[in-house]
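S.K.: Let me begin by handing over the structure; questions about it come next.
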Amino acid sequence: MYGLFLTPKMKRQKMKHRTIWFVSLFLFFSSLGFAQKSDIYTNSLRDYNHAVELYNNRDFVAAKHLFNKLKSQFDDSSEKKANCEYYEAFCAIRLGDQNGDQMMRNFVERYPTSTKQNTAFLEVGDYYFKNANYPYALKWYKRVETRNLSIGQEEDYNFKYGYGLFAMHSYQRAKEYFQKLLTSQEYGSQAKYYYGFIAYQDDDYENANRYLSQIADDKELGDDVPYYMANIKFKTGKFQEAIEIAEPFLAKADRNQHSEISKIIGESYFNLEQYGKAIPHLKNYKGKRRRWNNTDYYMLGYAYYKQQDFENAIAYFNKIIGGNNAVAQNAYYHLAECYLETDQKTEALNAFRNASQMDYDNDIKKDAWLNYAKLSYEIGNPYKSVPDVLQEYLDTYPKSEAKDEINELLISAYITSKDYEGALQALKDKKDAGNREVYQKVALYRGIQLFNDNSLNDAKEHFEVAINEPRENSITARGIFWKAETDYLLNNFNDALVGFQQYDGMRKPDTLAENKNLGYNIAYAYFKLKDYNKAGDQFQKYLNSNPDDDARINDSYLRLGDTYFVSSNYKKAIEAYNKVIEANGIDTDYAHFQRAISYGFIGKNNTKIDDLTAFLSTYPTSTLRDDAYYELGNSYVRADNNDEALKTYDKLLKYHKRSSYVPKALLKQGLIYYNTERDNQALDKYRRVVKEFPNTDEAKQAVSNARQIYVDLGRVDEYADWVKDIDFVNVTDADLDNDMYESAEKQYLQNNRKKAIPAFRKYIERFPNGVHALQANFYLAESLFAENKLGQTEKYYSFVIDQERNEFTEQALSRLAQVYLEANQWAKAMPVLERLEEQADFPQNITFAQSNLMKGHYALEHYQQAVAYAEKVLQRSKLENRVKSDAKVIIARSAIKTGDEDKAQEAYKE
């Protein structure tokens with residue numbers, strides 16, 4: 001190290017001696033080998049000094065390389081070797097080498113007595129501090145022995161260590177170091193700043209104020225001190241002092257400080273109730289992370305409210321979202337008052353409601369409740385019936401001064417809000433004539449409500465009350481009409497027809513809405529009673545009355561066509577179906593299909609083929625496409641066009657694999673192959689029927705047909721081997737099977753259910769997989785259903801629907817669904833209803849499935865699925881008013897449950 005401090009003269013002399021030495025060395029090398037060691041040391045010392053010079057000149061790469069090379073040339077105990085390792089490690093640190101830290105640690109461990117050790121700790125710490133690498137700086141500072149430092153060094157150390165901790169957010173530890181420097185001449189101001197800031201962060205406003213105020217005039221440190229001082233005054237409730245400090249500072253504050261200072265000034269004016277002065281400052285506040293919270297919106301809204309600027313107050317109160325605290329309750333209450341001042345009563349109702357549902361301020365809650373109840377009566381309530389609101393207020397505040405007023409409103413509200421059940425209860429004991437007349441009307445209206453809720457038996461009782469309280473003729477007539485509607489839906493078609501005809505013969509106003517579709521209803525009653533001639537006459541009479549209901553006109557032509565079709569009057573059926581097709585409305589595909597079938601019945605097979613071909617082209621999504629393919633194939637068979645018939649049946653098999661026509665089509669193909677002497681191909685079809693559709697009529701026919709082929713081919717043994725593996729065919733018991741089934745079926749066909757039920761049970765017990773097992777299970781279930789023994793039907797309907805789709809599948813699904821619904825077993829009903837929706841051919845079964853899936857999802861609180869099915873239901877044709885009303889109610893109630901108030905209001909309006 002001493003080489004660093006040589007004078008110029010000493011350096012010239014040294015260079016001279018070096019020159020002489022090198023010349024001598026060159027001339028006498030061979031004879032002076034003993035001096036080699038001394039020469040190497042001299043060279044190393046020279047290189048060492050050069051390396052130090054490189055280090056001092058900040059050429060750390062070259063210095064590090066040279067120190068690394070030199071350290072091996074000095075003895076381990078040499079101070080020069082220790083210095084080489086020290087400088088090499090320091091160069092590595094300054095160069096950012098990953099191993100620099102480790103090299104310095106190695107130096108410290110290897111040379112524990114080195115005079116550079118404490119210097120190393122301090123200098124490495126200073127290096128990292130200077131480069132803002134505070135975690136590393138702290139790590140090295142921690143190892144410094146402070147007792148070896150001068151007073152100046154120790155203050156410098158304390159400040160840097162304290163600041164490092166401050167930068168790492170270790171405020172309490174940093175505070176200890178800054179506290180040591182509060183009286184320091186060098187670091188006192190900075191220490192007071194950081195010490196005061198930490199006190200401010202800790203809400204220690206007394207100490208924060210004490211130390212920050214001492215450096216308020218410091219130009220280097222005091223720029224943002226007024227901000228902290230203003231905030232301290234604000235948080236300690238000295239609002240005027242906060243304003244006096246903050247307002248002068250506002251002009252020179254940076255963007256972030258400007259926002260916070262504006263908040264301090266604004267809220268200070270707010271707390272001083274100087275709302276006009278508060279507003280511009282509150283508006284200038286940008287919020288935490290550039291976003292306002294609910295309190296920010298509330299304060300500005302309240303300031304506008306106090307200035308009677310209600311529009312702006314509304315705008316800011318309305319921005320308070322998701323709050324459930326005292327601020328939100330106050331905001332809702334004042335928002336409601338603003339809405340009242342601006343004559344926005346619906347909005348006021350909602351705001352009072354929200355305020356009344358919070359428990360933070362009981363006085364506000366009670367007053368909000370009263371205003372909410374009164375407004376509900378005045379303008380209505382979208383969330384619950386007005387009587388419920390009024391009654392709930394009375395229950396909540398039974399000693400309220402407004403009790404009598406609310407009681408009077410409650411009685412009036414029962415009727416105006418259509419809470420007819422409550423109205424009936426209130427009117428029950430009132431005997432004067434005026435009230436009895438009202439009682440008759442309310443009984444009718446309650447009956448209609450129950451009807452729309454599908455509580456048909458209860459509805460019928462109320463209609464009978466209206467009929468038996470004959471105060472007003474038109475109300476009596478309407479009671480008779482609605483009782484008939486109820487009987488119709490309860491499948492009491494005779495009673496329904498009598499009721500409709502009684503209503504038709506009564507004197508009543510022509511303006512009654514019930515008059516409009518009376519003929520249509522009478523026609524349907526006849527239709528349900530299978531009196532097709534009278535049904536047809538009534539449908540025609542209805543059509544002749546020039547109705548303005550396109551859906552019912554279309555449906556009347558459709559049913560008129562059906563009555564003609566059932567009566568074998570196919571030409572008139574075609575005319576009626578053509579009307580439906582021309583209108584191109586609901587069920588056009590059904591009409592088109594029926595027309596094609598009608599052509600077949602009047603001998604126009606080629607026209608039937610053309611019409612079915614057109615049907616398949618026109619209705620790509622119709623549920624009747626499998627029917628059409630099957631009928632088209634049959635028509636080709638009648639036309640002796642076997643190739644087209646086979647192709648058509650193949651399309652049915654390809655595109656409608658789950659259709660009930662699949663086994664029938666396979667039988668038809670087998671018969672074609674048999675009749676055209678392609679016996680092996682016929683056998684393939686019959687075998688497929690038996691394999692894929694066991695226990696069906698088609699499977700039985702396939703076995704019978706295959707038997708004939710095997711006999712014709714002389715392969716009876718092959719037939720025997722085949723049938724022995726068919727579990728539903730027991731050749732040895734076949735006669736007993738047929739006899740037992742025939743006996744049970746005979747009783748069933750004669751409607752002698754008492755005998756049919758045990759007979760079918762015996763058959764199923766004896767032949768659980770017999771030829772007639774499918775029919776036996778279905779007919780047994782039907783018999784039990786007719787006897788109202790619903791709980792016993794489940795097993796047998798389940799057997800039917802567990803088979804491949806067959807002619808009974810749809811009816812069994814419908815019946816089993818009814819059984820589960822009657823027992824309120826939604827978990828079992830839902831999958832059955834979903835399958836019925838998917839597989840049903842009859843529109844009424846699809847409607848039944850969808851409407852009950854709608855109710856089921858609602859009952860199970862699956863509100864989104866409930867709404868989805870409700871919307872499906874509303875898209876259905878020929879929808880009964882009751883079902884339509886159910887769907888709308890479900891949409892509304894589900895919307896309420898999911899918080900979609902707009903949708904709920906829209907649904908209730910409908």
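The values are calculated or read from the model by the stated rules, or taken from the named source; none is laboratory data. Since the structure is predicted, the reported quantities are computational estimates derived from the model, not experimental observations. No Cβ is skipped: glycine too gets one built from the backbone with ideal geometry, and neighbour counts run over all protein chains shown.
S.K.: Return the total of residues in the stretch 861-910 being of a type in the set (D, E, K, R), within 30 Å of TYR520 (Cα to Cα) and assigned to a loop (DSSP other than H, G, I, E, B).
M.R.: Summing the residues that are of a type in the set (D, E, K, R), within 30 Å of TYR520 (Cα to Cα) and assigned to a loop (DSSP other than H, G, I, E, B) in the stretch 861-910 gives 4.
S.K.: Something else: Residues of the stretch 116-146 being in a loop (DSSP other than H, G, I, E, B), over 58 Å from the mean Cα position of the chain (by Cα) and closer than 20 Å to MET168 by Cα, which ones?
M.R.: Scanning the stretch 116-146 gives ARG143, VAL144.
S.K.: Among the numbered conditions (1) surrounded by 17 or more Cβ atoms within 10 Å (Cβ to Cβ); (2) among the polar types (S, T, N, Q); (3) closer than 30 Å to LEU181 by Cα, tell me where THR119 comes up short.
M.R.: (1)
S.K.: Within the stretch 653-695, count every residue that is within 15 Å of VAL637 (Cβ to Cβ) and part of a helix (DSSP H, G or I).
M.R.: Looking only at that region, the number is 14.
S.K.: Moving on. Quick one: count up the residues across the stretch 183-209 that are modelled with pLDDT of 90 or more, farther than 20 Å from HIS169 by Cα and assigned to a helix (DSSP H, G or I).
M.R.: Number of matching residues: 0.
S.K.: From the residues in the stretch 567-577 that are assigned to a helix (DSSP H, G or I) and out of contact with any helix residue (DSSP H, G or I) (no Cβ under 7 Å at 6 or more places or on another chain), which one is surrounded by the most Cβ atoms within 10 Å (Cβ to Cβ)?
M.R.: GLU575
S.K.: Still on this structure: Having 3 or more residues that are closer than 19 Å to LYS418 by Cβ is the bar; report the helices (runs of 4 or more DSSP H) wholly within the stretch 333-396 that clear it.
M.R.: Ranges flagged: 362-379, 386-396.
S.K.: When the residues of the stretch 623-652 are narrowed to those that are outside any helix (DSSP H, G or I) and without any contact (Cβ under 8 Å) to a residue 40 or more places away in the chain, which ends up surrounded by the fewest Cβ atoms within 10 Å (Cβ to Cβ)?
M.R.: Checking each candidate, the answer is ASP640.
S.K.: Taking TYR136, is it within 30 Å of ALA167 (Cβ to Cβ), of a type in the set (Phe, Trp, Tyr) and surrounded by fewer than 20 Cβ atoms within 10 Å (Cβ to Cβ)?
M.R.: yes
S.K.: Continuing with the same structure: Name the residues in the stretch 274-292 that are without any contact (Cβ under 8 Å) to a residue 24 or more places away in the chain and within 19 Å of PHE234 (Cα to Cα), would you?
M.R.: GLN274, LYS277, PRO280, HIS281, LEU282, LYS283, LYS288
S.K.: Return the residues of the stretch 720-740 that are at pLDDT 80 or above and surrounded by 13 or more Cβ atoms within 10 Å (Cβ to Cβ); say none if nothing qualifies.
M.R.: If the condition is that a residue be at pLDDT 80 or above and surrounded by 13 or more Cβ atoms within 10 Å (Cβ to Cβ), then TRP722, VAL723, ILE726, PHE728 are the ones that fit.
S.K.: In addition: Kindly check whether there is at least one residue in the stretch 312-319 that is assigned to a loop (DSSP other than H, G, I, E, B) and under 18 Å from ASN284 (Cα atoms).
M.R.: yes
S.K.: Hey, another quick one. What number of residues within the stretch 345-364 satisfy the criterion of being buried (at least 17 other Cβ atoms within 10 Å of the Cβ) and either more than 18 Å from ILE320 (Cα to Cα) or in contact with a His (Cβ under 8 Å, 6 or more places away or on another chain) (or both)?
M.R.: 0
S.K.: Select, from LEU221, LEU212, the only residue that is in contact (Cβ under 8 Å) with a residue 12 or more places away in the chain, closer than 30 Å to ASN158 by Cβ and outside any helix (DSSP H, G or I).
M.R.: Answer to the selection: LEU221.
Each row is one residue, and each column tells you yes or no for (1) surrounded by fewer than 17 Cβ atoms within 10 Å (Cβ to Cβ); (2) over 21 Å from ASN452 (Cβ atoms).
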{"site": "GLN825", "(1), (2)": "yes, yes"}
{"site": "MET830", "(1), (2)": "no, yes"}
{"site": "THR847", "(1), (2)": "no, no"}
{"site": "GLN850", "(1), (2)": "no, no"}
{"site": "ALA866", "(1), (2)": "no, no"}
{"site": "LYS884", "(1), (2)": "no, no"}
{"site": "ILE891", "(1), (2)": "no, no"}
{"site": "LYS897", "(1), (2)": "yes, no"}
{"site": "ALA907", "(1), (2)": "no, no"}
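S.K.: While we're here: Of the numbered conditions (1) under 21 Å from GLN811 (Cβ atoms); (2) touching a residue at least 60 places away in the same chain (Cβ under 8 Å), ASP886 satisfies every one except a single condition; which is it?
M.R.: So ASP886 meets the others, but not (1).
S.K.: Under the condition of being surrounded by fewer than 21 Cβ atoms within 10 Å (Cβ to Cβ) and in a helix (DSSP H, G or I), which residue from the stretch 834-845 is nearest to the chain's Cα centre (by Cα)?
M.R.: The selected residue is GLU834.
S.K.: Show me the helices (runs of 4 or more DSSP H) found entirely inside the stretch 475-566 where at least 3 residues are outside the structural domain of LEU450 (by TED's automatic domain parsing) and surrounded by fewer than 19 Cβ atoms within 10 Å (Cβ to Cβ).
M.R.: 532-544, 550-566
S.K.: Take THR113 and decide whether it is within 18 Å of LEU221 (Cα to Cα) and either under 53 Å from the mean Cα position of the chain (by Cα) or part of a loop (DSSP other than H, G, I, E, B) (or both).
M.R.: No, not satisfied.
S.K.: Checking the condition of a type outside the set (S, T, N, Q), touching a residue at least 24 places away in the same chain (Cβ under 8 Å), closer than 23 Å to GLN449 by Cα and buried (at least 19 other Cβ atoms within 10 Å of the Cβ), which residue from TYR393, TYR420, TYR383, TYR332 passes?
M.R.: TYR420
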